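> Please find one structure pasted underneath; my questions will follow.
All of the numbers you see were taken from the coordinates with simple rules; none came from a lab. Treat the numbers as computed from the prediction; the structure is a model and nothing was measured. When we count neighbours, we look across all protein chains shown, and the Cβ atoms used for this are built from the backbone with ideal geometry, even at glycine.
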Amino acid sequence: MRFLSVTSVPKLRWSSPTAFTMKPPLVSVAFLVIGLVIFGIGEALLITAGVGVSPWTVFAQGVTNTTGWSLGFATFIISACVLLLWIPLKQTPGMGTILNAIIIALVLEYLLPYLPAFESYVANAVLALVGVLVTGFGGAIYLIANLGPGPRDGLMTGLQAVTRQPIALVRLFLELTVVAIGCALGGTLGLGTVFFALGIGPAVAIGMQILQLRSTAH
């Protein structure tokens, strides 16, 4: 349970001094891109497994069932609303906020066709779990780069700053809330959804803890 000791995004030697900057350190940009690519790979593994989508996608499905919007448009509207919540939480966007959408979309576009799914449900369930862990580690890397989070990660860090609760618990609360709303609106729940809702917070926190320990060791 040591991951519960992570109560904020650590600042390491490759973290940018500020999130919103026109001249970010190159090392921060490099880690931002690496983290987002790994994040995208994790998302791709979860999708390929086919045993359940992420809680936010379940939420978008529910909104689609209620409004008749397309899944893509519902996802866009949800992201826009989440960004509006940044204002009272005093979250600062940066190039990472934009690159989050671009890089992850590119990784999904070009990697998904090459990821085979297994015939065994158990194997695909394991693949989904690996996907959650990989996503969390990638999230830890890009958040520590401190060049601006994506909409959902920014909501997580903003709520953490207000509540002073561990990052893992804040993310768990967020994921369970959106998946509950999504299911109530008719979204589809799967085992992968459960893995993501319960595991992404601890995965991000553990990733941050590992990176901080390695940085201290060096």
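> Report the residue, chosen from 206, 141, 98, that carries the largest GNM mean-square fluctuation when the chain is represented by alpha-carbon nodes joined by springs under 10 Å.
98
> Which helices count as membrane-span-like in the chain under these terms: full DSSP H, at least 30 Å along the axis by C-alpha, Kyte-Doolittle mean of 1.6 or more?
The qualifying helices are 26-49, 121-144.
> Please identify, among 79, 70, 16, the residue showing maximal mean-square fluctuation in a Gaussian network model of the chain using a 10 angstrom Cα cutoff.
Residue with maximal mean-square fluctuation among 79, 70, 16: 70.
> Using only Cα atoms, locate the centre of the stretch 18-47 and the centre of the stretch 81-137, then give the distance between them in Å, rounded to an integer.
Between the Cα centre of the stretch 18-47 and that of the stretch 81-137, the gap is 11 Å.
> Would you mind finding the longest exposed-site-free stretch of the chain, with exposed trypsin sites (Lys or Arg not before Pro) meaning DSSP loop and at most 16 other Cβ atoms within 10 Å?
No qualifying site falls inside 14-89, the longest such stretch.
> Let me ask another. In which sequence would 51, 162, 122 go, from the one with the fewest C-beta neighbours within 10 Å to the one with the most?
Exposure proxy ranking, most exposed first: 122, 162, 51.
> Something else about it: How much mean residue ellipticity at 222 nm does the chain get from its helices, if each DSSP H run of length 4 or more adds -39500 (n - 2.57) and you divide by all residues, to the nearest 500 deg cm²/dmol?
-24500 deg cm²/dmol
> Please pull out the direction-averaged projected area of the stretch 62-121, using the convex hull of its alpha-carbon atoms, in nm² to one decimal place.
Mean projected area for the stretch 62-121: 6.7 nm², to one decimal.
> A further question follows. Springs between alpha-carbon atoms under 10 Å, Gaussian network over the chain: tell me which of 104, 87, 41 tops the mean-square fluctuations.
87
> To the nearest 20 debye, what charge dipole does the stretch 38-217 have about its Cα centre, counting +1 at the Cβ of each Lys and Arg and -1 at the Cβ of each Asp and Glu?
460
> In whole Hz, what ³J(HN,Hα) sequence does the stretch 5-13 give by Karplus (6.51, -1.76, 1.60; θ = phi - 60°), x for Gly and Pro?
Karplus values, whole Hz, x for Gly and Pro: 7, 7, 10, 6, 6, x, 9, 10, 5.
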